[in-house]
Structures are given as structure tokens and as C-alpha cells.
Amino acid sequence: MTTVHHNANRTEDARFPVPRPDEAHWPGLATPPRSPLRARVAERLFRHAVSTLPVRVELPDGTVLGAGDRQSPVMRLVRPEVVFHRLGADAKIGFGEAFMTGDWTTGPDTDLADLLTPFAARMSSLVHPALQRVRHLVERTQPMGEENTKENSRHNISRHYDLSNQLFEAFLDETMSYSSAWFEPGDSFEDAQRRKIDGVLDLARVGEGMHVLEIGSGWGGLAIRAAQRGARVTTLTLSTEQQALARVRAADAGVDHLVDVQLCDYRDARGQFDAVVSVEMIEAVGEKFWATYFTALDTLLAPGGRVGLQSITMPHDRMMATRRSYTWIHKYVFPGGIIPSIRSIEDNLAQHTGLGIVERRDLGPHYAHTLRLWRERFLDAWPTLTGDFDGTFRAMWEFYLAYCEAGFRSGYLGVSQLGLARNPFPAQPA
């Protein structure tokens, strides 16, 4: 994997000056919460956490923290007092907010994901195991207003996917795939994304003459590919922007007669389909509705059919420890989301369906590379973007893409393609 370093030090890069949040767009962000006691505790915890990490944390007075050497990633605390106040108020949110406001940044030769990866690699051990079990008593939990009921889901999806089709077109490949690619040597980005799409369609055994249901349309890339195989596709989205562009792209590909893009919640889908496919949509379902989601897959799948599912995953113990947490990602990127574990998927299938996992392909390192490419393309395209995007938004998206890349590079996150089917050999009565 080729590593391209961007100068993420916004204090020295004239293209990306340190953003000062506009209060109208980012209410309260520019003014950090203040609690001297919490800030002092946060500083002690931060110093302890970085003391064993292979990073260098530089303070304005010349103090250097961390166990890194001169080749290690560099984190610069531009306004340490503000950083610690933000961490003291809510570490899971304050760390990212402090980057958005320029309170900390990276060294001039340090890539942001390179810095974040050591933090992600130690994520499970930065909090003592005894505290992990009671963290839900002191951490903020996801607000009820972001729970993925039918009423809330469309708003949650709109907050991210309806930002601007131009934004997503700026950094996605020509297939408009917003999910992990699957790379082989010599691949272009588009080749790797088409291989991913074909991998999901192959798991579902999609072929000519079939009627396929897709839950989570994206911008139509998978539906178009399925239609090019000769299948008829009903694809569901809650994003009006995605629906509009997916329809245009299906028409441009000459398959609009085979692709029906519906603005519809998966809970309202009816009928039975020869195959069901869903790529990285389960992360937006919410733990409370996993049973509903998997029951829908089972109910909508015709006898003998297969499901092709792609899901981001995390280890089960980490999922259990963090599943109620309200994080920076929830607040700024994916409200209402939760990443499942493979075990939680297996448990829900066993408890609520007749389906089981019959094939599995893991692509974690491929997602890290996908995210690296997205971030490079986003930063390169930033000067050309129009609309209601300011410097704070740019910093937010840079952090989001680098933060996720670090999660996959460290193994804290994974992603799997799963083939689901009903047991073709049911147990015989004694």
C-alpha cells in the first residue's frame, strides 16, 4: 500500500488555515466548556495514556510527551488548556472537536491517520477493564431523538447523505461506492470497487431474470451492476439526494427500465425477492432494531434465495463495552449508528430468522486503503467544492476519514462480506 503524506498542520498550511467556527453553523463549538477540576483530571489521564504510545506530543513550552522517537508521528497541542477542558467535558467528543477548532494539530511531516492509528490500536486498553464495565454510568448515551425509529431514520440519514451530491462525487470513484473496496494488485480504484460489488452479488447468486431487493441504494452503483447482469432491481433509500442521482445514473447506464429506486424504509418493504443485498447499511439500523432488520431479510427472501451482506464490524467485547456511548462520530457524522460484531449478527440470525452465515470474506485492510484514497481525493478537491462548506467542515471530514482509517489499520474495526442462506439440510426428526 502506497502511503501519501498530506501536510495536515493547518497552522502552517496556507490552503487550510485554522478554522474558527461560525456560531450560526456550529453553535457552541468555538467556546469550550470550562471545568478546572475536570480539565486537570483529563490532563493527567491524557499524559498517562500517551506515555506508552509511539507518538510525540509537543506542547508550546517545548515539553514533549509520549514514547515516540523523532521518526514517530507528531501531535501538537496548540492550545493545551483548551484541549484539556474539551477532554474533561467529554473525551469521546472533545478530542475530535479540538481538532476541528485547531486546538491541536499534527506536525508538518505527520499524516493525521498515522498519528491516530496508535491511539486506535490501544483503544481497548486506554480505559481500565474495571472502568469499562461501568462506563455507561458516566458517559453520555445516544439521545432518544436519534434512535432509528421510522420517524427518526430519515432525518438521521438526511443529515449525512443529503449534504450534497457534489461533495460525494468529489471524492468517490466513478461507481459512486461509499463502502470498502476490494483491491488486487494493479487495480484502479474503480476496479477494486467493482470487485467489491461483484463479490456481494456473487454471494447472493444474482443472475439474469432474478428480482433483487437492495436495502440501502447508495448512488445506484450496485443496482446498476446487478441490472447489467440481467436482474431486475428494487432498491430502497431514505435519502432524496441519493434517489435523484441514482435514477439519473441508472438512465445513463441504460438500465433504468430494470432499476426501481424507491424512497422507502426497509420496514415498509413488501413481497419476496430471489436475492437480497445490503452493503454497509446495517451500521445505520441501531441495536434496538437489529431483530427487525434481520427478520425483514428473512421475510423478504424467497425460498432458495441468498442474501449478500457487507458490514463494518468490531470485536464483540468492544461492541458490548461501547454500544450505548455517544461519540464524536454520532454527533457529527452518523447519528444513531452502531457497528455490530460478527457474533451479534450470528446471534440475531439464530434468534430471529432461519438464515445463517454460509460464506464470509474479510476486507479490513482494504477499507483502510479505501479511506486513505477518499481522504486524499477529498483534500485535493476541497478548493473546488461549492455550497455551505466552511473550514470547520473540512477539518471535520478530514478527521472523520482519518479516524476511520486508523480504526481499520489498527484492527479495532473490520469489514466483512457475508453470504446468508437458509439451512439446506434441516435436521430430520428422530
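Each value in this text was obtained by applying a stated rule to the coordinates, not by laboratory testing. Predicted model only: the values in this text are computed from it and were never measured. Neighbour counts are summed over all protein chains in view; Cβ atoms, including those assigned to glycine, are modelled from backbone coordinates with ideal geometry.
Looking at ALA98, ALA113, ALA42, which one is closer than 23 Å to TYR332 by Cα, in contact with a Gly (Cβ under 6 Å, 6 or more places away or on another chain) and surrounded by 19 or more Cβ atoms within 10 Å (Cβ to Cβ)?
Result of the check over ALA98, ALA113, ALA42: ALA42.
Given the structure, is THR110 in contact with a helix residue (DSSP H, G or I) (Cβ under 9 Å, 6 or more places away or on another chain) and not in a helix (DSSP H, G or I)? Answer is no for this residue.
For segment 77-90, state whether one or more residues are surrounded by fewer than 19 Cβ atoms within 10 Å (Cβ to Cβ), within 24 Å of GLU398 (Cα to Cα), of a type in the set (Gly, Ala, Ser) and in contact (Cβ under 8 Å) with a residue 60 or more places away in the chain. Within segment 77-90 (the criterion being surrounded by fewer than 19 Cβ atoms within 10 Å (Cβ to Cβ), within 24 Å of GLU398 (Cα to Cα), of a type in the set (Gly, Ala, Ser) and in contact (Cβ under 8 Å) with a residue 60 or more places away in the chain), the answer is no, since none of the residues qualifies. Within segment 156-169, the set of residues being surrounded by fewer than 16 Cβ atoms within 10 Å (Cβ to Cβ) and either among the hydrophobic types (A, V, I, L, M, F, W, C) or closer than 26 Å to ARG229 by Cα (or both) comprises just one member, GLU169. Scanning segment 45-67 for residues that are touching a residue at least 12 places away in the same chain (Cβ under 8 Å) and either part of a strand (DSSP E or B) or in contact with a Cys (Cβ under 8 Å, 6 or more places away or on another chain) (or both) yields ARG56, VAL57, GLU58, LEU65.
Table: residues versus (1) more than 22 Å from LEU203 (Cα to Cα); (2) buried (at least 20 other Cβ atoms within 10 Å of the Cβ); (3) of a type in the set (A, V, I, L, M).
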| residue | (1), (2), (3) |
| --- | --- |
| SER239 | yes, yes, no |
| LEU263 | yes, no, yes |
| ASP268 | yes, no, no |
| TRP290 | no, yes, no |
| PHE294 | no, yes, no |
| LEU301 | no, yes, yes |
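Hey, among the residues in segment 178-200 that are assigned to a loop (DSSP other than H, G, I, E, B) and of a type in the set (D, E, K, R), which one's surrounded by the fewest Cβ atoms within 10 Å (Cβ to Cβ)? Out of the qualifying residues, it is GLU184.
The rows are residues; the columns are (1) hydrophobic (A, V, I, L, M, F, W, C); (2) assigned to a loop (DSSP other than H, G, I, E, B).
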position: ASP69; (1), (2): no, yes
position: ARG76; (1), (2): no, no
position: VAL82; (1), (2): yes, no
position: LYS92; (1), (2): no, no
position: ALA98; (1), (2): yes, no
position: GLY102; (1), (2): no, yes
